[in-house]
1. Only bridges whose two residues both fall in the chain count here: according to DSSP, what percent of them are antiparallel, nearest 5?
2. Along the charge dipole of the chain, pointing to its positive end and built from +1/-1 on Cβ of Lys, Arg, Asp and Glu, which listed residue (His225, Val121, Gly172) has its Cα farthest out?
3. State whether region 70-184 is rounded, prolate or oblate according to the following rule on the C-alpha gyration tensor (a ≥ b ≥ c being the square roots of its eigenvalues): a/c under 1.5 gives rounded; otherwise a/b larger than b/c gives prolate, and the remaining case gives oblate.
4. With the crude spin-label approximation of a point 7 Å out along Cα→Cβ, what separation in nm comes out for His116 versus Ala184?
5. Would you calculate the separation in nanometres between label points at Ser33 and Ile199, each defined as 7 Å from the Cα along the Cα-to-beta-carbon direction?
6. Roll a 1.4 Å probe over the protein chains and send me the accessible area per residue for the chain in Å².
7. On a 0 to 90° scale, report how tilted helix 222-233 is relative to the longest principal axis of the chain, with both axes built from alpha carbons and the result rounded to the nearest 10.
8. Say each of Ile217 and Glu150 gets a label point 7 Å from the Cα, pointing the same way as Cα to Cβ; how far apart are those two points in nm?
Amino acid sequence: MKNLILSFAAVVFLVFDSRGQSASVIDTAYLSSIKTELMKERPKNRNINLVFHGHSGPAGFGNNHEVHTLEAYPNLVLKKLKAVYPLAVINIIVTAIGGENSISGAERFERDVLTHQPDVVFIDYTGNDTGAGLEKSKTAWEKMIQLALEKEIKVILITPGVDQRLDINAPGNPYEQHASQVRALATKYKVGIADPFVIFQKLVKRTDFVKDYMTSINHFNEKGHEIYASEIFKWFEK
């Protein structure tokens, strides 16, 4: 199986700024086969299945348990894709569950994710993985990545968002630790990464950040989700 034999061409390169924060550099060739399919017209095209697996973030949870599906980043990604690939038939499939961590997500990965025959799987659990800890989370993420690669499915990992109870710029804070682990997994398995966390670390310094980007203590409004969508869409740019 070709994805088990990792290619020598790295999908993600990590560079570091003066504070040691990393930022992903997009390898536009990683999803080249998917982008080719997205450009085909009927009857040569086929359905493209994008599965977003994770916690309440991709599910669209907001304040008072409201679920804003159309304002959540999976559907914002769809909107961006359709603007560039008007001929494509794209299925956005969200298997996210509010409050879930990666350990539970990994247990149901084959049943709830692979059954959809995804072309690309997006994994977003870092916001809920701090309770489980780095070691257990790493095992769960690796299980999901490996299962996807065995099926020759492309994978995009996603770094954390913001929790107002944490200073996400404090050295060694839990979100930073998990973000670093996710980046390391992307490098190890040569899969893609969307890294909104680096952007949020800069934006939270603004006094109007919570009002402009968040709807609850750890959930985003549409403007916050747009940051996720923009980082993900970089992988699909022509």
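1. Values: 7 of 25 bridges.
In the chain, DSSP labels about 30 percent of beta bridges as antiparallel.
2. Of the options given, the answer is Val121.
3. Values: a/c = 2.12, a/b = 1.39, b/c = 1.53.
Oblate, since a/c reaches 1.5 and b/c is not below a/b.
4. Distance between the two pseudo-spin positions: 2.9 nm.
5. Label-label distance for Ser33 and Ile199, simple model: 2.8 nm.
6. On a per-residue basis, 47 Å².
7. On a 0 to 90 degree scale, this one is about 40.
8. 3.9
The values are calculated or read from the model by the stated rules, or taken from the named source; none is laboratory data. All figures in this text were calculated on a predicted structure; none of them were measured in a lab. Reconstructed Cβ throughout: ideal geometry from the backbone, glycine too, with neighbour counts over all protein chains shown. Protein only, heavy atoms only, side chains kept; ligands, DNA and RNA dropped before computing areas. Shrake-Rupley method; radii C 1.70, N 1.55, O 1.52, S 1.80 Å.
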